[in-house]
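Since every read-out is calculated from the coordinates, none of them should be taken as a lab result. Note that this is a predicted model, so its numbers are computed, not measured. For neighbour counting, all protein chains shown are included, and Cβ atoms are generated from backbone atoms with ideal geometry for every residue, glycine included.
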Amino acid sequence: MTRQEFKDYFNKGIVILDGATGTQLYKSGMPVEACPEKWAAENPEALISVQKRYVESGSDILYTFTMGGNAIKLSEYGLKPQTRELNKRLAEITKNAAAGKALVAGDISSCGILLEPYGEIGFEESVESYKEQVKGLFEGGVDLFVIETMLDIQETRAALIAIRELCDLPAMVTMTFEDGMRTLMGTDPVSALVTLQSLGADAVGCNCSSGPAEMVDILKAMKPYAKVPLIAKPNAGKPRLVDGNTVFNMDSDAFCSYAEALIGAGANALGGCCGTTPEYIKKLSETAGSFPAQKPVNTTFAMVSSNRQTLVIHRDKPLTIIGERLNPTGKKFLREALTQNNMDKVAQLAREQMEAGAGLLDVNAGVPGLDEKTVLVNMVQAVLDSVPLPLCLDSSSPEALEAALRIYPGRAVINSISGEEVKMEKILPLAAKYGAMFILLPIDDKGVPVTAEERIGVIKRVYDTAKSYGFSKEDILVDGVVMTVATGGQAAGETLKVLSWCTDNGFNTVVGLSNVSFGLPARENINAAFLAMAVAYGLSSAILNPNSQQLMDIKRASDVLKARDSNASEYIRYYSSQKSVGGQASQPAKKVKPTAFEAVLNGMGDEIADVVQADLDKGLSPKAIIDNSLIPAIQKVGELYEDKKYFLPQLIKGAEAMQKAMEELGPYLQKETEAGIEKKGTIVMATVKGDIHDIGKNIVVLLLRNYGFEVIDLGKDVPADRIIQAAKDNNADIIGLSALMTTTMTEMPKIARMAADAGLKVRIMVGGAVLDNEYARSFGAHYSKDAYSAVRLAESLLKS
Amino acid sequence: MENIRVLKGIRPSYNKSLILTRLGYKRGVTGFDEDFQRLLDSTIKRAENLCSLALAYRMVGIDENDNGAVRLEDGTVLSGKALSKMLSQSQKAVLMASTAGSHIMEEIRTLMDSGKASEAVIMDAAASEIADAGLDFLMGYIGTFLRRQGKALTKHRFSPGYGDFNIEQQAHFARLLDIKELGISMTDTCMLVPEKSVLAIAGIIEIKTD
């Protein structure tokens, strides 16, 4: 079957796929511990029987029983050398079952081990493993392929690349989405669709994991961006516990009642996964067979994706910012980081640009003396690990680009392809093979054309060639070619003419903004003015530094003025959340300075020193501030915590503010020989020997100090004799102990005994996750459930 | 016994509200302002970046399960009545390990030492949640492959230290999962270092299709 024939086939009506086969074979006697593929190859009659029932039930396409037939998976059974033969045999068996009444799809799925950098399988190892399987299935005569039940977009790409590098048969791909509409590895339906359809999938969709109801939403999300048919192959509901057994409990009628909704959401093909049987497929065929085919949407959006996010670039949508900072040219710190293979810096720059508003990140690895291919791949991986943004791969090296495109788990943009012969010959095929978008740079072997007309000539020429590789306008961003205006002339005007022509002719555009001001002082002004003018001419995206507040302000304002930010909603959202946007009119109302009481109550640690100082300047004594403001405030914080109106971080923030206030008052108290907070008693605090979890104890220490206790904090993993000695030396009223584990809490009675033996008149209070009142009482100690109860407990112990 | 599988750098999805729950937040009662919301968001985001999740799992056969004693195929005996009950329908189980790594613990200590205890507790709760989300991820991952074999994982998992499944049995997990490969060590008192590490077991059960 050719890919065009596949397309035509799906245009005829709703295609019916098969249902679960493995579970049917288990019922036929397939042993649970057997390699399913080997058992089926040795027991063809069982497989043929199940698959014939699916054909009789109305399946248009049968899947071969080769889901676990890749070389890596088969190696678990010692069958790796037989990969090709086994797949060929199983394809032949299913062809036999189909008997010309159904198409046969060679079934490929995950190897069960994650790919690098998450797991142990290298990308190329995965591709090679799938290639062995693909060769066998191809030789067995499959009509098409299906890659199914995929959790990881990268492994899915490996399988699709394996198919595309070996043959030109159609390939359907379905991924498995969890609750929350993401694969377990975090890919959303649209990013999966964009990545896979651009890489050459002929149909995309979802199978397994969820029942039909959940799949309606997945298809609805995909449909507006789908250039290919969509597939839904749900389970018979979600597995549920019924009478102590785990079952799929959706019957065939209930299952098929979703057919109309799935088709309405955009499904072109329907089938069943776990828990379904020929009965389900028969009813599905009867229900869905009468519906007409769903037409793919003729989208003109330029779409790029990462493994976690899709970005739509379009001249009618808000201007896309392509962050320029991941380029070592002119950045010594980045050159040094790349030379030392320090990818932390790369990750940091990526995060900063995303937070500043970049939608796409340009990645350039050009450092003299370094292997660009290796550096680019490492940079891409580092960025993917730190941000979800799609990437623009900025290189003129075909080798570096192919290495990065091969492992990039989404749809990238190549920056750039020009009219130079070598670029068109070497890089256009790469863009086509990996389904990348590209920036069309209108220069050619003669250099940079001066006039807009000449540049438009190059654009037309490159586009004509690109069309022969299957590209259309939405796969291209045309670079307006920005030259500096410092040398005079009409450089900016020519770029604007190119942008205008592109917009009128349906191309999306990009500019490398900062070139325009090269050689001039106060470059930001020129850059900002040019950006606003370019947006007026329809600019779709700009490569710039998103950390520039001025440029980002212009971008947001221009989006509003060109009606690209619907109802100015993004503009309002952004500036409403800013404390100040500059300028008198937009200044928020001046905040009223809090009182010392309010500053502790609201945990305003950054402001309380000024507040306390202001009170002192007014003539209030330190003691008055403590007694009348700070202590009532920290008590109020405690009450709010007890009522659950505050939770733990708020309780602690109050204590931190209190502590800062006391630090501020310290010198005045000494000067005036005044007492600060009246000391309520002395407590020796420790996390017991063998226990290293001390965050809870540290919080108790912080609170006790703020509530007027003298605390001697011995730290964690503290031996019993040191605790007893400290209690003696400091004449402690209380020993406070924490332990998290059952293995360490046994130190506590030991310490209580030692204290009694030493004749210490000391109370013991304890806390920790595994403790309770009963345990504490068993050795005469007192238990508190959290930090604030520890304060209350300490107070009551001293009163009693 | 099947090989140990190691996964690194996974960023599992998780429910952020569970971080607040760990910190004592009560919906409809606890309240805070926008500044505090920003502090929460930025601290949780930093925690996500500082967690370098490493996961491991291994399938093990269950040879015997007799009222509180579960004997694994290598002879290891896990003791605990509730564990035994959870595994009563299982011939196999999966052992799992998850750690948020050491960077986040260093940052929590630094925050605590520099008087930013409020940020430290938020980060501590986030790290706990992310380490737990690592186990959720593993259960989802393994469950997907099991489903096509007509099997599933038990709804719940057990970790040493829960109920009568005492903490000392952490040593069995440490050995069977070779946790030092994940950068986890165990103290004499069976505590895991880095602290935001968790070990667990879940059973494999059959799914009935009719």
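Please work out, to two decimal places, the log10 of the ratio I(q)/I(0) at q = 0.13, 0.19, 0.20 Å⁻¹ from a Debye calculation in which every Cα of the range A:681-799 carries one identical scatterer. The Debye formula, applied to the Cα set alone, gives -0.39, -0.91, -1.03. The Rg/Rh ratio of the range A:377-448, with both radii computed over alpha carbons and Rh defined as the Kirkwood radius, is 1.00. For the residues of B:111-123, the average number of beta carbons from a partner chain within 10 Å of their own beta carbon is 5. Kirkwood Rh over Cα pairs of the range A:508-558 into Stokes-Einstein at 20 °C, 1.002 mPa s: D in µm²/s? After rounding, the answer is 197 µm²/s. Packing, as the average of other Cβ atoms within 10 Å across residues, places the peptides A:102-114, A:339-351 in the order A:102-114, A:339-351, highest first. What is the percent of Cα-Cα separations in the range A:348-392 that go past 12 Å? The share of Cα pairs beyond 12 Å in the range A:348-392 comes to 59 percent. Rg and Dmax over the alpha-carbon atoms of the protein assembly as shown stand at 32.7, 102 Å. Counting Cβ atoms of other protein chains within 10 Å of each residue's Cβ and taking the mean over peptide A:636-646 gives 2. About the centre of its Cα atoms, chain A shows a dipole size close to 900 debye [charges on the beta carbon of Lys, Arg (+1) and Asp, Glu (-1) only; nearest 20 debye].
Beyond 15 Å, the tail of the calculated P(r) for the range A:596-671 holds 48 percent of the Cα pairs. Rounded to two decimals, the Cα-based Rg/Rh of the range B:5-206, with Kirkwood Rh, is 1.01. In a DSSP loop and with at most 13 other Cβ atoms within 10 Å, the trypsin sites (Lys or Arg not before Pro) in the range A:702-800 are A:761, A:785. Helix B:117-147 axis versus longest C-alpha principal axis of chain B: approximately 30°, rounded to the nearest ten.
Pairs of Lys residues in the range A:681-799, spaced 8 or more positions apart or belonging to different chains, with C-alpha separations under 17 angstrom: 10 in total.
Working note: Debye formula, equal point scatterers on the alpha-carbon atoms of the range B:126-176, no solvent; log10 I(q)/I(0) at q = 0.17, 0.22, 0.24, 0.27 Å⁻¹ is -0.70, -0.98, -1.03, -1.05. Stokes-Einstein diffusion of the range B:81-193 at 10 °C, 1.306 mPa s viscosity, Kirkwood radius from Cα pairs, rounded to a whole number: 99 µm²/s.
Extents of the range B:1-74, largest first, come to 56, 32, 13 Å (Cα atoms, principal axes, whole angstrom).
The calculated Kirkwood hydrodynamic radius for the range A:174-272 is 13.6 Å, given to one decimal from all distinct C-alpha pairs. Counting Cβ atoms of other protein chains within 10 Å of each Cβ in A:736-743 and taking the mean gives 4. Separation of the range A:451-507 and the range B:142-181 by C-alpha centroid, Å? So the separation of the two Cα centres works out to 59 Å.
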